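What follows is a set of notes on a single structure, which appears directly below.
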C-alpha cells in the first residue's frame, strides 16, 4: 500500500472526491456544493493506494496555528478492517506533526468513534447531530 499527498484539482483529487461521495455523501442523500469544494483548496489531502486503486482518503484542515481538523475520512467498503484507516490516520498524524501542529480534532461519526478511540482519540462533549447522523467531537494531542 502506498500513502501519498494529493494536490487539489488533480485527477487524483477528482478520484478522491468520487470516493468520498460514494462512501460518505450518497448514502445520506447528500452531494458536495461548489462552495464546499472551493474551500478545500487550502486543505491537506491524502490517500492510500494499492497500485492504481484508491482504497481510502482523508484531509486535514487548519483550525489555528497549532490545531488541524481531520475531515472526510473514507475507506472503500470491501477493504474496511484491513488496516487502511489506521495507516491513513498515522500518515495524517505524522504530516500534521511534521508541519508543526500540536493537536488533531474531528467530528467523528458515532459508528466510527470506537475506531478513533483505538487510535488514541478522546471524546469531548456530548453527542450531536451533523449531516443527519450522530457525531462526537474527538481530539488527540500529537
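Order of 91-104, 122-135 by packing, highest average Cβ count within 10 Å first?
On the way: 91-104: 15.6, 122-135: 11.2.
Descending mean neighbour count gives 91-104, 122-135.
222 nm [θ] for the chain, helices only, -39500 (n - 2.57) per DSSP H run of 4+, per residue, to 500? Let's see the in-between values first.
Values: 4 runs with 36 residues, N = 142.
The per-residue figure over the chain is -7000 deg cm²/dmol.
Viscosity 0.692 mPa s, temperature 37 °C: Stokes-Einstein D of the stretch 93-142 from its Kirkwood Cα radius, in µm² per second?
Working: Rh = 11.3 Å.
It diffuses with D of about 289 µm²/s by this estimate.
Could you give the Stokes-Einstein D for the stretch 1-63 in µm² per second, using the C-alpha Kirkwood radius, 20 °C, 1.002 mPa s?
Values: Rh = 12.2 Å.
Here the translational diffusion coefficient equals 175 µm²/s.
Rounded to a whole number of µm²/s, how large is the Stokes-Einstein D of the chain at 25 °C and 0.890 mPa s, given Rh as the Kirkwood radius over C-alpha pairs? Present the calculation step by step, with values, prior to reporting the outcome.
Details: Rh = 15.4 Å.
For these conditions, the coefficient is 159 µm²/s.
In nm, to one decimal, how far is the residue 86 label point from the residue 5 one, both placed 7 Å along Cα→Cβ?
2.6 nm
Coordinate-derived values only; no laboratory data. Fair warning: this is a prediction, and the values are worked out from it, not measured in the lab. Methodologically, a virtual Cβ is constructed for each residue, glycine included, from the backbone with ideal geometry; neighbour enumeration extends over all protein chains shown.
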